[in-house]
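Worksheet: one structure, shown below.
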Amino acid sequence: LAISGSDLCVQQSVIIENKSETTISFVEGSTGAYLGYVTVHYNPEQPSVVAQSQHLYYALLITDDASPTIEKCTFSSCSAGGATVCVKKEGANPRMKQCSICECDNVGIYITDGALGIYEECEIARNTLAGVWVKNRANPFFRRCHIHHGRDVGVFTFEHGMVRFDILGRK
């Protein structure tokens, strides 16, 4: 799978949106998949009702043995339940570069259940809860990301989650 536009202007013009379930999912077998230069929204018709259901949906879900490359995308969600981007389960190992996850109604990125990932030069800002949640032995690596101005914490780790950072070339 390869979905891409051609430059920043196209990123703002190519919008992939869903109102009822996860907008884009990368699952087992998505090794080598690419997503670039697009805007991805999850905008449920009734954001607060979705938050109370047992099923959580996301703008982007990466799970199982998936290792897609995602670059220069904008992600958002107006759902009060779930995160905008969810990376979960062993073998989930995306490379996300120069993406924006801002002004979401819950958590920006949720990484859990042994998931990994390299997140480079991403803007994660002004989310209602944490910019990044890491739990259940997940161990992502953030390089030169700008995580700021969340209404809660920037990065929240719990239940044996670990996060590695390289900030301006320093580890």
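Bear in mind these aren't lab numbers, they're just calculated from the coordinates by the rules spelled out. Since the model is a prediction, treat every value here as computed from it, not as a measurement. Note: ideal-geometry Cβ built from the backbone for every residue, glycine included; neighbour counts use all protein chains shown.
Points to keep in mind about this one:
- Most fluctuating residue given options Val85, Val40, Val27, as computed from a GNM of the chain linking Cα atoms under 10 Å: Val27
- Across segment 106-111, rounded Karplus estimates of 3J(HN,Hα) from the backbone phi angles (6.51 cos²θ - 1.76 cosθ + 1.60, θ = phi - 60°) give 8, 7, x, 10, 10, 10 Hz, Gly and Pro being marked x.
- Note on Glu159 and Tyr34: with the Förster distance fixed at 45 Å, the Cβ-Cβ geometry gives a FRET efficiency of about 0.90.
- Residue by residue, segment 74-91 carries 3J(HN,Hα) couplings of 10, 10, 8, 8, 9, 7, 7, x, x, 9, 6, 10, 10, 10, 9, 5, 3, x Hz when phi is fed to the Karplus relation 6.51 cos²θ - 1.76 cosθ + 1.60 (θ = phi - 60°); x denotes Gly or Pro.
- Here Lys89 is the anchor, and the aspartates and glutamates within straight C-alpha reach of less than 14 Å, apart from those fewer than 8 places off in the same chain, are Glu28, Asp64, Asp65, Asp113.
- Exposed loop sites, defined as GluC sites (Glu not before Pro) outside DSSP H, G, I, E and B with at most 16 other Cβ atoms within 10 Å, are absent from the longest region of the chain, namely 46-89.
- Here's the list of aspartates and glutamates a cross-link from Lys97 could span, going by alpha-carbon distance under 17 Å and ignoring same-chain residues fewer than 8 apart: Asp7, Glu71, Glu120, Glu121, Glu123, Asp166.
- Amide H to amide H, with H built 1.01 Å from N, Thr74 comes under 5 Å of Val38, Thr39, Val40, Ser100, counting only residues 5 or more places away or on other chains.
- The residues Tyr37, Tyr58, when put in order of fewest to most other Cβ atoms within 10 Å, stand as Tyr37, Tyr58.
- Relative contact order [Cα under 8 Å, 6+ residues apart], the chain, whole percent: 15
- Under-5 Å amide H pairs with Thr22, H placed in peptide plane, nonlocal only: Tyr58
- Whole-Hz Karplus values for segment 26-37 come out as 10, 10, 3, x, 8, 4, x, 5, 9, 9, x, 6 Hz, taken residue by residue from phi with 6.51 cos²θ - 1.76 cosθ + 1.60 and θ = phi - 60°; glycine and proline positions read x.
- Taking only alpha carbon atoms, the chain gives an Rg to Rh ratio of 0.94, where Rh is the Kirkwood radius.
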